[in-house]
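Student: Before anything else, here's the structure in question.
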Amino acid sequence: MLVVVDTDQVMNADPGQGVGIFTEYSAGGKWHVWWTCDTARSQQPCDVSVAATATTGTIEALNADQLQGGFVTTPNPSRVEARATTTNQVHGITFTTKPGAVITLEATIGGLKEGPSLGASGAGSFFFFVQDGKINGGYKGALTNPLQLQGNKP
């Protein structure tokens, strides 16, 4: 599934209050992939594993400062893999691709590719993005994992 992400839109989430993997795109090929856990509610940490692959070109300017205790690897120039155990904080990475490039994002939380049904908010998907000014474009169905994303303005 390919989704088109609104360029230069920012999302907010309360760390510790919910599980999510959030993707933001800024003009010029700049990506921010970050995640939260529901530890304040579940009393459990989330073991998050995220991989992003540029379908064309390479991933550059990787910044993993938000991983705090996690780790990141780049098995090849077009792929980045990040992992962190998350509780009541935000973890994430930023990187740059060729402007307009599609990335393929895949993730697991606690080894699972999707959570329990979230009803109208995403049918079990962990992925969140802004499309057409709405979270996930208002789409109510299940998202694929992996998921392809592209900014609507390079």
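The values are calculated or read from the model by the stated rules, or taken from the named source; none is laboratory data. Just so we're clear, the structure is a prediction, and the values are computed from it rather than from any experiment. No Cβ is skipped: glycine too gets one built from the backbone with ideal geometry, and neighbour counts run over all protein chains shown.
Student: Conditions first: (1) in contact (Cβ under 8 Å) with a residue 12 or more places away in the chain; (2) surrounded by fewer than 16 Cβ atoms within 10 Å (Cβ to Cβ); (3) assigned to a strand (DSSP E or B); (4) of a type in the set (S, T, N, Q). Thr56 passes all but one, so which condition is the exception?
Tutor: Tallying (1) in contact (Cβ under 8 Å) with a residue 12 or more places away in the chain; (2) surrounded by fewer than 16 Cβ atoms within 10 Å (Cβ to Cβ); (3) assigned to a strand (DSSP E or B); (4) of a type in the set (S, T, N, Q), Thr56 fails exactly one: (3).
Student: Which of the residues that make up the stretch 63-88 are under 17 Å from Ala13 (Cβ atoms) and surrounded by fewer than 16 Cβ atoms within 10 Å (Cβ to Cβ)?
Tutor: Gln68, Asn88
Student: Restricting attention to the stretch 145-154, and to residues there that are of a type in the set (S, T, N, Q) and over 9 Å from Leu2 (Cα atoms), which single residue is surrounded by the fewest Cβ atoms within 10 Å (Cβ to Cβ)?
Tutor: Asn152
Student: Name the pairs: first residue in the stretch 60-87 and touching a residue at least 24 places away in the same chain (Cβ under 8 Å), second residue part of a strand (DSSP E or B) and among the acidic types (Asp, Glu), Cβ to Cβ under 7 Å, at least 6 apart or on different chains?
Tutor: Thr85/Asp47
Okay, residues lined up against (1) within 23 Å of Ser125 (Cα to Cα); (2) out of contact with any Gly (no Cβ under 7 Å at 6 or more places or on another chain):
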residue: Asp6; (1), (2): yes, no
residue: Asp14; (1), (2): yes, yes
residue: Gly28; (1), (2): no, yes
residue: Ala52; (1), (2): yes, yes
residue: Gln68; (1), (2): no, yes
residue: His91; (1), (2): yes, no
residue: Thr94; (1), (2): yes, yes
residue: Gly100; (1), (2): no, no
residue: Glu106; (1), (2): yes, yes
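Student: Could you go through the stretch 69-88 and let me know if any residue there is within 14 Å of Thr108 (Cβ to Cβ), outside any loop (DSSP other than H, G, I, E, B), among the aliphatic types (A, V, I, L, M) and in contact with a strand residue (DSSP E or B) (Cβ under 6 Å, 6 or more places away or on another chain).
Tutor: There is at least one residue in the stretch 69-88 that is within 14 Å of Thr108 (Cβ to Cβ), outside any loop (DSSP other than H, G, I, E, B), among the aliphatic types (A, V, I, L, M) and in contact with a strand residue (DSSP E or B) (Cβ under 6 Å, 6 or more places away or on another chain).
Student: Could you list all residues from the stretch 10-27 that are surrounded by 15 or more Cβ atoms within 10 Å (Cβ to Cβ) and either in contact with an Asp or Glu (Cβ under 8 Å, 6 or more places away or on another chain) or not hydrophobic (A, V, I, L, M, F, W, C) (or both)?
Tutor: Correct list: Pro15, Gly16, Gly18, Val19, Gly20, Thr23, Glu24, Tyr25, Ser26.
Student: Here's another thing I want to ask about it. If I filter the stretch 89-113 down to residues being closer than 15 Å to Asp47 by Cβ and assigned to a loop (DSSP other than H, G, I, E, B), which single residue comes out as modelled with the lowest pLDDT?
Tutor: Lys113
Student: Now for a separate question. Quick one: Ile21 ticks every box in (1) within 22 Å of Asn145 (Cα to Cα); (2) in contact with a Gly (Cβ under 8 Å, 6 or more places away or on another chain) bar one, so which box is it?
Tutor: Among (1) within 22 Å of Asn145 (Cα to Cα); (2) in contact with a Gly (Cβ under 8 Å, 6 or more places away or on another chain), Ile21 violates only (2).
Student: With the structure loaded, tell me whether Gly119 is under 26 Å from Thr7 (Cβ atoms) and either over 14 Å from the mean Cα position of the chain (by Cα) or at pLDDT below 95 (or both) or whether it fails that test.
Tutor: no
Student: Shifting gears a bit: Return the residue satisfying two criteria in turn: it lies in the stretch 125-149 and is among the aliphatic types (A, V, I, L, M) and assigned to a loop (DSSP other than H, G, I, E, B), and of such residues it is nearest to the chain's Cα centre (by Cα).
Tutor: Leu143
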